[in-house]
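The values are calculated or read from the model by the stated rules, or taken from the named source; none is laboratory data. From a predicted model like this one, the values you see are computed outputs, not experimental measurements. Heads up, the Cβs are rebuilt from the backbone with ideal geometry, glycines too, and the neighbour counts pull from every protein chain shown. These accessible areas exclude ligands, DNA and RNA; they are computed on the full protein's heavy atoms, side chains included. Shrake-Rupley method; radii C 1.70, N 1.55, O 1.52, S 1.80 Å.
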Amino acid sequence: MTDGEGWPTSTDNPPVRRLSDWPAEPLRDLADEYGTPLYVQDLGRVKANASRLREAFPGADLSYAVKANATRAVLETLADRGVGAECAAAGEVKRALAAGFPARRVRYTAVNPPARDLDYVCGLEAADELVLTVGAADTLDRVAERGFDGRLCVRVNPGVGAGHHAKVSTGAEPKFGVPYDRAADVVDRAIDHGFEVVGLHAHAGSGISGDELSAHRELVRRMGTLAGEVRDVGLTFVAVGGGFGVPYRGDEPPLDLDAVATATREAYAAGWREGAGETADESDRAQLAIEPGRYFVADAGVLLTTVNTVKPTPDTTVVGVDAGMTTLLRPAMYEAYHELRSLEPGAPRRGRVTCDVSGPICETADVLARGRSLPDPGRGDLLAVGNAGAYGYEMAGNYNSRPRPAVVAVEHGEARLAARRETLAGLTRLEPKAEDS
Ligand code: LLP
């Protein structure tokens, strides 16, 4: 269904928006107006994704993992929907508060926090309203030294990990959280410090598929058990992370969100009974909290890129485009697969060619897709890259002194600039000018 401008509407809210569902003509107009590479984020789809999450997890506390996409347009959209914000750094806390998330709905998950981050968060006027999550016992001392007297959560290393790539499997990586067997001690220590301990937290990893539900279930069960064991503390929530996967390939089925929700609820209840004992009062059970990032934003975004060069070689046809690993890092970093689509009007009638689609960065890793079949590409063609709304713009960088792309937010068929394209002059803005030194 479209809203008359060609943009899909969210009335029937399908579980996934495929790259082929995006309307070609409005995307071509945006590329003409704003240039490429260009991220396009459909805020209507972000809202629709939020609604599906809420419906699947009716009793849970729902937060957004800001790291997936921290542009103000996205944050305002989700703050407006009453979703909370899970932040990984002081900068994300600052952005979340500025975008209108109430401090009471902001959780700062401090991973090995730099002093500057703790100074900022503990020094906020609203510091006592937000939740600070510690993943190491000594962070308690560092937070106490800064006079923090707000709500505290203990991040636990659940010992089970999952995810689309080893680099994003978190749950068993020692860097994250206090070891499971020591978690109850750290909770006690926090209470001795005088903190109000309101939650426990764990995260298995990112991009969990339906096949990996058993790892997720096990993590949730373990967290339920721990929460049951420490129930006298009076926890208000148990956060079991995000990580819900989205289908990156056109033929991949979407995640069955209801199945994930049921598994989560059941595992939590079973774990809690195990920890608290069969006779424990179930009304003591803390609220379940989830904090997806990718699921809210991934299929709400595409990246538009223009073909610069077409080069036949004995092995393949190299299609050089103006977006590379500094625009979208995921293929280089995780060998991630992203769908590609030609937006040229005549593309369906062209013959197909197997191509390597490469960026403009002087690195072998700078290839967005290898061995991909595309309608015979020509210089100037506009291509769309699917599922670019999560960890796309957010992970963009300046390597090779390449300016970051622009971002456009679309809602009800109206487009507005959400982030300006960086300029060549802007690249040196942080360096002292010759006359200053
Ligand atoms: N909560 C915590 C504590 C996390 O560390 C993360 C992601 C999330 C929630 C959200 O996970 P999500 O629902 O988005 O999967 N750059 C990688 C993903 C790294 C995720 C890191 N942590 C990628 O592009 O696949």
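The heavy atoms of Arg370 offer some 150 square angstrom of accessible surface to a 1.4 angstrom probe. About the centre of its Cα atoms, the stretch 276-372 shows a dipole size close to 900 debye [charges on the beta carbon of Lys, Arg (+1) and Asp, Glu (-1) only; nearest 20 debye]. For the chain, a crude dipole built from +1 on the beta carbon of Lys and Arg and -1 on the beta carbon of Asp and Glu, taken about the Cα centre, is about 900 debye to the nearest 20. Looking at the chain, the DSSP beta bridges with both ends there are about 45 percent antiparallel. Taking every DSSP beta bridge that has both ends in the stretch 97-205, the antiparallel portion is near 5%. Taking every lysine pair in the chain that is 8 or more places apart or spans two chains, those with Cα atoms closer than 22 Å amount to 5. Of all DSSP beta bridges in the stretch 110-292, what percent run antiparallel (nearest 5)? For the stretch 110-292, the DSSP antiparallel bridge percentage is about 5. Between 0 and 90 degrees, the angle of helix 183-192 with respect to the longest Cα principal axis of the chain falls at about 60 degrees. Protein heavy-atom accessible surface, 1.4 Å probe, per residue over the chain: 43 Å².
Note on the stretch 110-292: dipole from Cβ charges, positive end direction compared against Val186, Ser209, Val111; the farthest Cα belongs to Ser209. Protein-only accessible surface at a 1.4 angstrom probe places the residues Tyr399, Tyr334 in the order Tyr399, Tyr334, largest first. The stretch 121-172 and the stretch 226-277 have Cα centres lying 19 Å from one another.
A convex hull fitted around the alpha carbon atoms of the stretch 61-116 yields 74 Å³ per residue. From the P(r) of the chain, could you give the percentage of C-alpha pairs in the tail past 38 Å? That fraction is 26 percent.
Between the listed residues Val230, Ala269, Gly159, the Cα displaced farthest toward the positive end of the dipole of the stretch 150-290, a dipole computed from Cβ unit charges relative to the Cα centre, is found at Gly159. For the stretch 110-292, the pair-distance distribution built from all alpha carbon pairs, in bins 5 Å wide starting at 0, is 1, 8, 17, 19, 18, 15, 11, 6, 2, 1, 0 percent. The largest accessible area among Ser169, Ser342 belongs to the first residue in Ser169, Ser342, and the rest follow in falling order (1.4 Å probe, all chains). Extension gain for Glu196 to Lys175 (0.36 nm times residue separation, less C-alpha to C-alpha distance): 5.1 nm. Roughly how many percent of the accessible protein surface of the stretch 365-437 is carbon and sulfur, given a 1.4 Å probe and a whole-percent answer? Exposed carbon and sulfur together represent 48 percent of the surface. Candidates Ala56, Ala406, Cys362 compared by Cα position along the dipole of the chain: farthest toward the positive end lies Cys362, with charges placed on Cβ. The distance between label points at Arg249 and His412 comes to 4.0 nm (points 7 Å beyond Cα on the Cα→Cβ vector). Projected label points at Arg379 and Asp32, each 7 Å from Cα along the beta carbon direction, are separated by 2.2 nanometres.
Rounded to the nearest 10 degrees, the inclination of helix 257-276 to the longest alpha-carbon principal axis of the chain is 20 degrees.
To the nearest 10 square angstrom, how much accessible area does Ile208 have with a 1.4 angstrom probe? Here the residue's solvent-accessible area equals roughly 10 Å².
Only Lys, Arg, Asp and Glu carry charge here, each on its Cβ (+1 for the first two, -1 for the last two); on that basis the stretch 110-292 has a dipole of about 420 debye about its Cα centre. Report, to the nearest whole %, how much of the accessible area of the stretch 110-292 belongs to carbon and sulfur atoms, 1.4 Å probe, protein only. The computed percentage sits at 44. Only DSSP H runs of four or more residues enter the estimate; each adds -39500 (n - 2.57), and after division by the residues of the chain the mean residue ellipticity at 222 nm equals -8000 deg cm²/dmol. Extension gain, Glu422 to Asn400: 0.36 nm times the residue separation minus the Cα-Cα distance gives 6.6 nm. With R₀ set to 56 Å, the beta-carbon distance separating Asp232 from Glu335 gives a calculated FRET efficiency near 0.75.
Extension gain for Thr9-Arg81 works out to 24.2 nm (0.36 nm per residue, less the C-alpha to C-alpha distance). Angle, helix 43-56 long axis vs. longest principal axis of the chain, Cα atoms, 0 to 90°, nearest 10? Its long axis makes an angle of about 40 degrees. For the pair Ala166 and Ala98, a Förster radius of 30 Å applied to the C-beta separation gives a FRET efficiency near 0.30, rounded to the nearest 0.05. For the stretch 1-103, what percent of Cα pairs sit more than 23 Å apart? Taking all Cα-Cα pairs of the stretch 1-103, the fraction more than 23 Å apart is 37 percent. Pairs of Cα atoms nearer than 8 Å and 6+ residues apart set the relative contact order; for the stretch 110-292 it is 19 percent. Between Lys311 and Thr354, the simple label model (points 7 Å from Cα in the Cβ direction) yields a spacing of 2.0 nm.
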